[in-house]
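Each reported figure results from applying straightforward, stated rules to the coordinates on display, with no laboratory input. Keep in mind the model is a prediction, meaning the values are calculated, not measured. A quick note on method: Cβ atoms are made from the backbone with ideal geometry, for glycine too, and the neighbour counts reach across all protein chains shown.
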Amino acid sequence: MLNVEDAQKQILSGITPLAEETVPLREALGRILAAPIVSPIDLPPFDNSAMDGYAVAAQDLRNSTAATPAALRLIGRIAAGEVFQNRVLPGTCVRLFTGSPLPEGADAVIMQEDTRSDPADPAKILCLDTVKSWENIRLKGEDVKCGTALVAGGERLTASRVGLLAAIGVTGVSVGRKPVVGLMATGSELVEPGQKLGPGQIYESNRVGLSALVSQAGGQARILPLVNDTMESTCATLAQAFNECDVVVSTGGVSVGEFDLVKAAFEKLGGKLAFWKVAMKPGKPFVFGKWREKFLFGLPGNPVSAFVTFLILVRPALLRFQRATAVHLSSHPGLLADALANRGDRRHFVRVKVEHDGSVRLAGIQASHILSSLAGANGLVDIPPATEWPAGQSVSVLRWEQD
Ligand code: AMP
Ligand code: MG
C-alpha cells in the first residue's frame, strides 16, 4: 500500500499550474500570486510628520526646557496633502499634522503637547523640550524601498498583504486561475438536505463540507447531482463532471463492495487509475487517476475519511494548480493533554482540539463516521502505527482552522 508521502508526491508530480489571470486587488484575498510584486515607489513616498506638532531645526531647540523654552516664529501651516513652498529658516517653525510632508530646512518635529503658544502673540511658539534630529519623522522609504520584492510568486494574498499592495498603488494582481472542482457524492442511501428522510436514508453531507474546504483552498466548487449506486448513474455524472471541471472529487463507492462502482465507471470512461489505497487512517480506500488532462480524486464515503483525505491529498493539489509554493497543512507544535495511542498498522490522523495555550486534547470519538468530533477539532495529529504517546508529549499538529 502506498504511503502518504509517496501518494502526495505522485499526485503533485502530475500537476501543471492553470493559466494566470488578472484580478482586481479588492477581489484578490486568498489568491496565489503568479509573479512577485516589486514596489514601484518608496513607502512612505516622502519624509513626513508622525505627530501633530511643528517642523523645526533640532539645533534651534538644543537648550529648550519648560523653564527656558526656545521661542520660534510660526511661518506657515501644512495640512496633510499640501506642500510647502518655503524653507524653515533658523528660528522659525511650521505647523504640521500627522502625515504632512516635512518642509525643507526642518530636520525634526516637536509634538504639539511639548509646545505652548503665546496668547498675546499667536505667531510665537514656545518649545518646552529638546528634540533629536529626525525625531517624530517618518522617513521616505523606511517601510518599503522602491524596487523591493514585497510578495513572492506562489504566496497567498492575506488581508495585510492586500493592504500593503494597495499602499504601493497596485490595483490588480496576476494570480493562478481557480481550479473548478466538481463534487460528486455516490450512494443510493443519500438524500438532499431539506427533503424528508425515508427509511434507511441519510442526508448527503460530503459535498457541502468539501465545498467549504475547496473554497478555503482557493478552488471553485461545483456541486454535482447525487449519484445512486448504478453504473449508469455513476458514468453519467462522472462524464458530466469531467466536461465541466478541472478536477473531480467523488465520495463513496471506492471500497470493495459490489456497489462500489467509481473505479469501474472511471475506467469505462477511459480514465487511467494511478493508485488505489493509501496507508492512512481514516481513509484507506482512496482512488487517484487521470482522465485526459484532468484528475479524479475518489474519496471514501465516510464523512470524516472524506474530509481528512481531502486535507492530506486533495488540498495540496488544488493549491499547486494555483502555483502555491506551500501546499501542505501547516504544522504547529503542541503538548498532549491526553495520552494518545495507535495500536493499528496504519498511521492515524487523530482529530484534536488545540487550545490557545498550545495544549492538545482529543476531540472525541475517532471512528470515521463521527462528524461531531470532527466539528469539535481544529487539527490533526499524525501518530505512527504501534505507538503510544503519554500526556505531556510534544507533538506537531496539522491545522486547517485557526480557532
Ligand atoms: P461508502 O464508501 O460508499 O461505502 O460509504 C461509507 C459510509 O459513508 C456509508 O455509511 C455511507 O452511507 C456513508 N456516506 C457515503 N457517502 C456519504 C455522503 N455523501 N454523505 C454522508 N454519508 C455518506
Ligand atoms: Mg456507498
Distance between modelled label sites at K196 and R361, nm, 7 Å Cα→Cβ extension: 4.1 nm
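Only sites in a loop by DSSP and with at most 13 other Cβ atoms within 10 Å count here; which GluC sites (Glu not before Pro) in the range 255-354 make the cut?
On the way: sites: E258, E267, E293; in loops: E258, E293.
Qualifying residues, ordered by number: E258, E293.
Would you mind getting me the FRET efficiency between L139 and L89? Use the beta-carbon distance for r and R0 = 25 Å, nearest 0.05.
Numbers: r = 22 Å, r/R0 = 0.90.
Working from the Cβ atoms, E equals 0.65.
Tell me whether the range 303-360 comes out rounded, prolate or oblate; compute the Cα gyration tensor, take square roots of the eigenvalues as a ≥ b ≥ c, and use a/c under 1.5 as the rounded threshold. Walk me through the numbers on the way to the answer.
On the way: a/c = 2.64, a/b = 1.48, b/c = 1.78.
Oblate.
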Computed log₁₀ I(q)/I(0) - Debye formula, equal Cα scatterers, no solvent, the range 48-138, q 0.19, 0.23 Å⁻¹: -0.74, -1.10
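Relative contact order (percent) for the chain, with alpha-carbon contacts under 8 angstrom and 6 or more residues of separation? Kindly include the intermediate steps, with their values, before the conclusion.
Numbers: 958 pairs, mean separation 64.7, N = 403.
Across the chain, relative contact order equals 16 percent.
Which number do you get for Rg(Cα) / (2.2 N^0.38 Å) in the range 49-100?
Working: Rg = 11.5 Å, N = 52, 2.2 N^0.38 = 9.9 Å.
Against the compact-globule rule of thumb, the ratio is 1.16.
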Equivalent ellipsoid, the range 269-394 (semi-axes from 5 times Cα gyration tensor eigenvalues, Å): 29, 17, 13
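Just flag the trypsin sites (Lys or Arg not before Pro) in the range 165-212 sitting in loop per DSSP whose Cβ has no more than 14 other Cβ atoms within 10 Å.
On the way: sites: R177, K196, R207; in loops: R177, K196.
Passing both the DSSP loop test and the Cβ count: K196.
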Relative contact order for the range 48-138, counting Cα pairs under 8 Å that sit 6 or more residues apart, in percent: 43 percent
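Please give the length that would be gained between I41 and Q240 if that part of the chain were fully extended, namely 0.36 nm times their separation in residues minus their C-alpha to C-alpha distance (nm, one decimal). Don't jump to the answer; show the numbers that get you there.
Details: separation 199, 0.36 × 199 = 71.64 nm, distance 4.88 nm.
Value of the extension gain: 66.8 nm.
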DSSP loop chymotrypsin sites (Phe, Trp or Tyr not before Pro) with at most 16 other Cβ within 10 Å: longest gap in the chain: 260-403
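Compute the length gained on full extension between S396 and N228: take 0.36 nm times their separation in residues and subtract their Cα-Cα distance, giving the result in nm to one decimal.
56.5 nm
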Against the rule of thumb 2.2 N^0.38 Å, how large the Cα Rg of the chain comes out: 1.44
Kirkwood hydrodynamic radius (C-alpha pairs) into Stokes-Einstein, the range 330-399, 25 °C and 0.890 mPa s, D in µm²/s: 207 µm²/s
